[in-house]
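No lab work stands behind these numbers, since they all come straight from the coordinates. Please read all numbers here as calculations on a predicted model, not as lab measurements. Quick reminder, even Gly has a Cβ in these numbers, built from the backbone with ideal geometry, and neighbours come from all protein chains shown.
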Amino acid sequence: MDVKVNPGVKQSGIIGYDQWAKCVKIAVTAKAEAGRANNAVLHVLSEQLKIPKHDLIIVGGQRSRSKKIMISNHGIQRIKKSLTEALA
């Protein structure tokens with residue numbers, strides 16, 4: 001899953017989907033220091049998608065706002081449904 005992160009905001013959560021960039025937009029309160037924002041992104045996805053955090057891995061963009069997240073042990077239909085609910 002491609003995500004674009006906005007660190008250092010007042011409230012964390014999934015804030016939308018960028019159709020042009022084809023990525024999920026996520027806001028996190030943590031600042032981009034020492035991996036705190038990366039950890040916060042995984043936490044937000046875990047909470048919003050109802051997926052255990054250990055099933056989420058950042059596979060690209062560890063030092064960038066644009067990231068690739070691998071989701072293990074969950075079907076694409078379940079993930080799509082959870083994302084749709086989170087964006088509603």
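Of all residues in the stretch 38-88 being among the β-branched types (Val, Ile, Thr) and within 18 Å of VAL28 (Cα to Cα), which is surrounded by the fewest Cβ atoms within 10 Å (Cβ to Cβ)? First the steps, then the outcome.
Filtering the stretch 38-88 for residues among the β-branched types (Val, Ile, Thr) gives 41, 44, 51, 57-59, 69, 71, 76, 79, 84.
With the extra rule that they be within 18 Å of VAL28 (Cα to Cα), the set shrinks to 41, 44, 51, 57-58, 69.
On the way: VAL41: 23, VAL44: 23, ILE51: 19, ILE57: 12, ILE58: 16, ILE69: 19.
Only one residue fits best here, namely ILE57.
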Practice problem: Would you check which residues across the stretch 25-73 are in a loop (DSSP other than H, G, I, E, B) and touching a residue at least 24 places away in the same chain (Cβ under 8 Å) and list them? | Solution: LYS31, ALA32, GLY35, LYS50, ILE51, GLN62, ARG65
Practice problem: Could you check, for the stretch 2-24, whether at least one of its residues is assigned to a helix (DSSP H, G or I) and under 13 Å from the mean Cα position of the chain (by Cα)? | Solution: no
